[in-house]
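The block underneath contains the structure these notes are about, expressed in structure tokens.
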Amino acid sequence: MPTQKYQKGDKVMGRWPGSSLYYEVKVLGFDAKSRLYTVIYKDGTELELKEQDVMSLTGFQTRSRSRSRSPGRRRSRSRSPARSTRRSSSRTASTAITEIAPSSRRDSRFKDTLEVRLSPMATENNITDKLEKGEENNSASKQNEKSEAKVEKDPEKNQGRYNLRRRKDDGAVIPTEANSGLQEEEKTNVFAATTIPSAPLDFGGKMGAYFWLLFLPSWVLFVLLQVSQDDPSLANFPPTLPPLETFWDAQALGFVLLWILFQALLYIVPVGKLSEGMQLRSGKRLKYRTNGFFAIVVSAIVVAAAVHQGVDLTYIHNNFLQLATASLLISVLLSIYLYIRSCCAGPDQLALGGNSGSVVYDFFKGRELNPRIRDFDLKFFCEMRPGLIGWCLINFSMALAEMKQQDLDAPSYSMILVNLFQLLYVVDGLWNEEAILTTMDLMHDGFGFMLAFGDLVWVPFIYTLQAYYLVGHPNPLSLPLLTVIILLKLTGFYIFRKSNSEKNAFRRNPSDPKLSYLKTIPTATGKSLLVSGWWGMVRHPNYLGDLIMALAWSLPCGFSHLLPWHYMIYFIILLLHRDLRDTCECRKKYGSAWEEYCRTVRYRIIPRVY
């Protein structure tokens, strides 16, 4: 049986599918049964090549020198835009260059046609030098044109021979000014080709978007009506709907708008660090004003001053439903604005998952990745400010309402624990606000109804259910149970903070000497996957910490009703879904490296359980 000629990690020359061009590649693996080599090009493209299409570097250089001496292989000086680009780019780059310009040596039939050229990889041999000098003859040029046309004409046949696993460039190819020479029909085809590719639809796809748009607001209103009952059990039938005017209060809308404007003012104050976001598909890095901790401190001072002046914050408890309705209205109007403005955004400004072509799905998921009004980032602001800080304000008002309703001199231990635990969570998030720039929401998801509703309605009015529940349903705690709950919270918080800090530091600077002890698996994208530290225990240690903290938030409410455990149940579903989304995205992005990572880090969230 033939032996394997090249081993994993060897650098060899691999022929590009459908052409006679060879590029330097690295061997990732070998399938002895099919005799196919899995290789990776310098631009991150993974292919499976037949054995005869792979050559050693020394063998290729010898062959290249012998061919370069043949007069029939001399190349004429043809300076296309692609060659100019190659000359100015790095010799180690291997990117696909799109030409939209006619060749001067073509007959009139091929004028105004679209050609796709591949820039050669840097290889230290004579033939590459001659390619860069532009020495080519007519016969070689015609031969390459025919082979390239064949690839373009019959891509399915080509893919049957070569298994293309992953392409690094997920972004769109922007047409150049040379489009002006194309006919109308050809311009249409170019536009179709440059449309940004959409990621697989999630949340049930297009039909699921209709469901979530109707279900989420209805569920929030149902839960808020239920929690105000004497017996707030989810097993009960829905309460009788109150008159429609019960849901609406103009003053409540004014208070919500005033709160959002106040937080926006704190956001634009030139205080705090200007943090740099992750690199976008366009190559840019956006700047963010990360002064969230400053915002919550100022907000706390203003609220304390208002209470000292006699402002009755129990208004929030008494008008909870009206405030939620006002926030829902604002989130819908914001989502409509976001969708309309996204229609004018360029392809490189759209999120991969928000350009499905379905208006309803794109409205729900969000089309534009980073919608901004000048330097004011709408998604980042909504993610961290009005809803998150509003969560703490609502909890504080519930503590005051409990004291007033139950005639107490101080809040109960259960109410104090819920307030302190959730305040610590929010303050920690705002203190480490920069870390959110590496999360899925900021990096991948567009800003639409899903995030707008979640930030402005779900977070401040669903995450505060435990505090609202305790106002009318006190739950005394014994000292041993109190101690256990506190220890549980601190354990979850430690895991959550340490793992998130480790991930954020590694994503921002993988070569940091402080992180040299971490073991990694390299990927085709140039990034590495952590397989040690917290991220060597499970794939999502931050989710594990989050779940432990969620348990600590719910325990002070006891087990009399399921409603105060709503957050715990919802969070389990949310994190499981996020894990599935993350797994699908990483498998597509990292290919064989992700499979190796999954074999190394077996458990997803809970060690030895899941």
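Please specify each residue of the range 346-355 satisfying the condition of being touching a Ser or Thr at 6+ places or on another chain (Cβ under 6 Å) and crowded, with 19+ Cβ neighbours inside 10 Å.
Within the range 346-355, the subset touching a Ser or Thr at 6+ places or on another chain (Cβ under 6 Å) is 348, 355.
Result: ASN355, single match.
Got a sec? Which of SER275, SER233, SER282 is touching a Leu at 6+ places or on another chain (Cβ under 9 Å) and either closer than 21 Å to PHE461 by Cα or in a loop (DSSP other than H, G, I, E, B) (or both)?
The conditions single out SER233.
Tell me, please, whether a residue that is within 30 Å of LEU369 (Cβ to Cβ) and not in a helix (DSSP H, G or I) can be found in the range 290-301.
From the range 290-301, those within 30 Å of LEU369 (Cβ to Cβ) are 290-296, 298-299; that's our starting set.
Next cut, not in a helix (DSSP H, G or I) only: 290-291.
Within the range 290-301, one or more residues are within 30 Å of LEU369 (Cβ to Cβ) and not in a helix (DSSP H, G or I).
Quick one: what pairs do we get from the range 583-603, first residue in contact (Cβ under 8 Å) with a residue 24 or more places away in the chain, second β-branched (Val, Ile, Thr), C-beta under 6 Å, 6+ apart or different chains?
Hits for this filter: TYR590/THR523; ALA593/ILE521; ALA593/THR523; GLU596/ILE521; TYR597/ILE521; THR600/VAL531; VAL601/VAL531; TYR603/VAL538.
Name the one entry in GLY472, GLY492, GLY545 that is outside the structural domain of LEU47 (by TED's automatic domain parsing), closer than 19 Å to THR438 by Cα and not β-branched (Val, Ile, Thr). Working first, answer last.
On the way: GLY472 fails: closer than 19 Å to THR438 by Cα; GLY492 fails: closer than 19 Å to THR438 by Cα.
None of the other options fit; the residue is GLY545.
What residue, among those in the range 391-407 that are assigned to a helix (DSSP H, G or I) and of a type in the set (D, E, K, R), is surrounded by the fewest Cβ atoms within 10 Å (Cβ to Cβ)? Give the steps one after another, and end with the answer.
The first filter runs over the range 391-407 and keeps only residues assigned to a helix (DSSP H, G or I), leaving 391-405.
So of that shortlist, the ones also of a type in the set (D, E, K, R) come out as 402, 404.
Details: GLU402: 24, LYS404: 13.
Here the residue is LYS404.
The conditions are (1) outside the structural domain of VAL609 (by TED's automatic domain parsing); (2) under 30 Å from GLY9 (Cα atoms), and LEU465 fails exactly one of them. Which is it?
(2)
Would you mind telling me which numbered condition in (1) free of Cβ contacts under 8 Å to residues at least 24 places away in the same chain; (2) part of a helix (DSSP H, G or I) ALA264 fails?
With respect to (1) free of Cβ contacts under 8 Å to residues at least 24 places away in the same chain; (2) part of a helix (DSSP H, G or I), ALA264 is out only on (1).
Please indicate, with yes or no, whether at least one residue in the range 45-63 is at pLDDT 80 or above, part of a loop (DSSP other than H, G, I, E, B) and not hydrophobic (A, V, I, L, M, F, W, C).
So far as the range 45-63 goes, no, none of its residues is at pLDDT 80 or above, part of a loop (DSSP other than H, G, I, E, B) and not hydrophobic (A, V, I, L, M, F, W, C).
Quick one: is ARG497 under 17 Å from ASP546 (Cβ atoms) and charged (D, E, K, R)? Walk me through it before giving the result.
Working: under 17 Å from ASP546 (Cβ atoms): yes; charged (D, E, K, R): yes.
Judged against the criteria, ARG497 is a match.
Could you count how many residues in the range 317-348 are in contact with a strand residue (DSSP E or B) (Cβ under 8 Å, 6 or more places away or on another chain), without any contact (Cβ under 8 Å) to a residue 40 or more places away in the chain and part of a helix (DSSP H, G or I)?
Here is the first cut: in the range 317-348, the residues in contact with a strand residue (DSSP E or B) (Cβ under 8 Å, 6 or more places away or on another chain) are 338, 341-342, 345.
Subsequent filtering for residues that are without any contact (Cβ under 8 Å) to a residue 40 or more places away in the chain retains 341, 345.
Within this subset, residues satisfying the condition of being part of a helix (DSSP H, G or I) are 341.
Count: 1.
List pairs: first in the range 428-451 and farther than 11 Å from SER275 by Cβ, second polar (S, T, N, Q) and in a helix (DSSP H, G or I), Cβ under 6 Å, 6+ apart or cross-chain?
Note: pairs meeting the criteria are GLY448/SER335; PHE449/SER335.
If you go through the range 531-548 one residue at a time, do you hit one that is in contact (Cβ under 8 Å) with a residue 12 or more places away in the chain, under 24 Å from LEU420 (Cα atoms) and among the β-branched types (Val, Ile, Thr)?
The initial filter retains those residues of the range 531-548 that are in contact (Cβ under 8 Å) with a residue 12 or more places away in the chain, namely 531-548.
Checking which are under 24 Å from LEU420 (Cα atoms) leaves us with 541-548.
Retained after the next criterion (residues that are among the β-branched types (Val, Ile, Thr)): 548.
Yes - at least one qualifying residue is present in the range 531-548.
The values are calculated or read from the model by the stated rules, or taken from the named source; none is laboratory data. Please read all numbers here as calculations on a predicted model, not as lab measurements. Don't worry about glycine lacking a Cβ; one is built from the backbone with ideal geometry, like all the others, and counts go over all protein chains shown.
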